[in-house]
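The block underneath contains the structure these notes are about, expressed in structure tokens.
We did not get these values from a lab; they are worked out from the coordinates using the rules stated. As the structure is a prediction and not an experimental result, all values here were calculated from the model. Note that we place each Cβ from the backbone using ideal geometry, even for glycine, and neighbour counts take in every protein chain shown.
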Amino acid sequence: MTAPDFLSVVVPCYNEAEVLDETIPQLTSALEAIPGIGFEIIFIDDGSRDGTLARLQRAAEADERIHVLSFARNFGHQIAVTAGTDVAAGDAVVLIDADLQDPPEVIAEMVEKWREGYDVVYGTRSSRQGESAFKLATARAFYRLLNRFSEVPIPLDTGDFRLMDRRVVDCLKAMPERHRFVRGMVAWIGFDQIALPYERAERFAGTSKYPLRKMLRFATDGILAFSSRPLQFATGMGIMAASLALLGIIYALVLRIFTSVWVEGWTALMIAVLFLGGVQLLSLGIIGEYIARIHDEAKERPLYLVKSQFGTRAPRASRHPRPERSEPVAQPFPIELRERARNG
Ligand code: UDP
Ligand code: MG
């Protein structure tokens, strides 16, 4: 008999006090129902300002399989997920939202696929309930635009709800980038991936923690991190403007040499100036976006800061011995990992 598979479930939480009393028991019983696994649940409190942390702390005290990492401030969903995968000890790691939009029962199906040999089982939304027409339409358009731009195919209508094998998680941990777009990074990693369609439920309670502003930033991160195409826009527009300019020059010369109406042309001048001004500012803006990201990377700040941590890790039977990172983390611990990644 081999040791049972050990599963780490990562749940990012930002002001989720309203849902946690429902999420914790549902998630726990869904995991207990999966045959032949041990599990840990890692909650990341992403700088919540409601009772989230207190609830999580209580849960960690009551159940030794529950661990809590609390950020010093709100670092964002993608960073919270990253912190979870950084500390996860499982043979596989599952990412799931706290609001029960990703049904915990689906994890059992993911585990089945994983046991068939897939390294990544990602949930694809076959339907989404309780979301505005605006969110549905923009999400649809975004995933399609992203795919046109991206150098690797990124699955359509797929969020972060997924199971990843240890070897994929280790690859993910070796990717130190700051503007993280986890679903794209996992697509980039490759290995054997398979989609698992599921019905995305309505948020159990509370409101979305992704207002339009955050969504736009997230979408920009996705596109800029996975494509240099926007930079080529300047080149394309430059070639177009130069060709038009050549035609204009020929036209102006013809008028100058063969006719006497050559002082006219104010309209054409205005159009050329305004058009070029617009294209130049837009191109500068795009270049600026990339430079801002280079600037962020160059600062080499830690991705997140941990304020407190609750729950001792239960001893576990796993094929993978826990790395020596089991000490409580009062400092940004991924640094040594990143150093290792950088120095090869
Ligand atoms: N979340 C987070 N930090 C943030 C925003 C969101 O940890 O800054 C978490 C949130 O608590 C939830 C998940 O990310 O567990 C998805 O967020 P939400 O359900 O609000 O997004 P939506 O489903 O509306 O896209
Ligand atoms: Mg949600």
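Here are some pairs, LYS113/LYS214; LYS113/LYS299; LYS113/LYS173; LYS209/LYS307; LYS173/LYS209; LYS135/LYS173; which of them have Cα atoms lying more than 29 Å apart in this structure? Beyond 29 Å between Cα atoms: LYS113/LYS214; LYS113/LYS299; LYS135/LYS173.
For VAL10, the residues whose amide H sits under 5 Å from its own are ILE42, VAL94, LEU95, ILE96, ignoring neighbours fewer than 5 places away on the same chain, with H placed 1.01 Å from N. Per DSSP H run of at least 4 residues, take -39500 (n - 2.57); add these up for the chain, divide by its residues and hand me the 222 nm value, nearest 500 deg cm²/dmol. Computed ellipticity for the chain at 222 nm equals -16500 deg cm²/dmol.
Applying both filters, DSSP loop and at most 13 other Cβ atoms within 10 Å, to the chymotrypsin sites (Phe, Trp or Tyr not before Pro) of the stretch 10-85 eliminates every site. GNM remark for the chain: springs join alpha carbons under 10 Å apart, and the peak mean-square fluctuation among PHE258, PHE233, PHE218 falls on PHE258. The HN-Hα couplings worked out from phi for the stretch 143-158 by the Karplus form 6.51 cos²θ - 1.76 cosθ + 1.60 (θ = phi - 60°) are 4, 6, 4, 4, 5, 5, 7, 5, 7, 10, x, 10, x, 6, 6, 10 Hz, whole numbers, x standing for Gly and Pro. Converting the Cα gyration tensor eigenvalues of the stretch 61-109 into ellipsoid dimensions via √(5λ) gives semi-axes, longest first, of 19, 15, 13 Å. Note on the stretch 1-151: percent of Cα-Cα distances in each 10 Å bin, starting at 0 and stopping at the bin with the largest distance, equals 10, 36, 35, 17, 2, 0. Each of ASP192, ASP102, ASP46, ASP160 has some number of other Cβ atoms within 10 Å of its Cβ, and from fewest to most they run ASP192, ASP160, ASP102, ASP46. On full extension, the segment bounded by ASN147 and ILE271 gains 41.2 nm, given 0.36 nm per residue less the C-alpha separation.
Please find, in a Gaussian network model of the chain (springs between Cα atoms separated by less than 10 Å), the residue of ALA201, ALA89, ALA272 whose mean-square fluctuation is greatest. Of ALA201, ALA89, ALA272, the Gaussian network model singles out ALA272 as fluctuating most. A convex hull fitted to the Cα coordinates of the chain yields 167 cubic angstrom per residue.
Report D for the stretch 120-227 in µm² per second (integer): Stokes-Einstein, Kirkwood Rh on Cα pairs, 20 °C, 1.002 mPa s. After rounding, the answer is 145 µm²/s.
In plain terms, the residue of MET110, MET175 with the fewest other Cβ atoms within 10 Å comes first and the most crowded comes last, giving MET175, MET110. Mind checking which of THR207, THR124, THR52 has the largest fluctuation in a GNM of the chain, springs on alpha carbons under 10 Å? Among THR207, THR124, THR52, the largest GNM mean-square fluctuation belongs to THR207.
Computed from the C-beta positions of ARG217 and ARG301 and an R0 of 25 Å, the FRET efficiency is 0.90 to the nearest 0.05.
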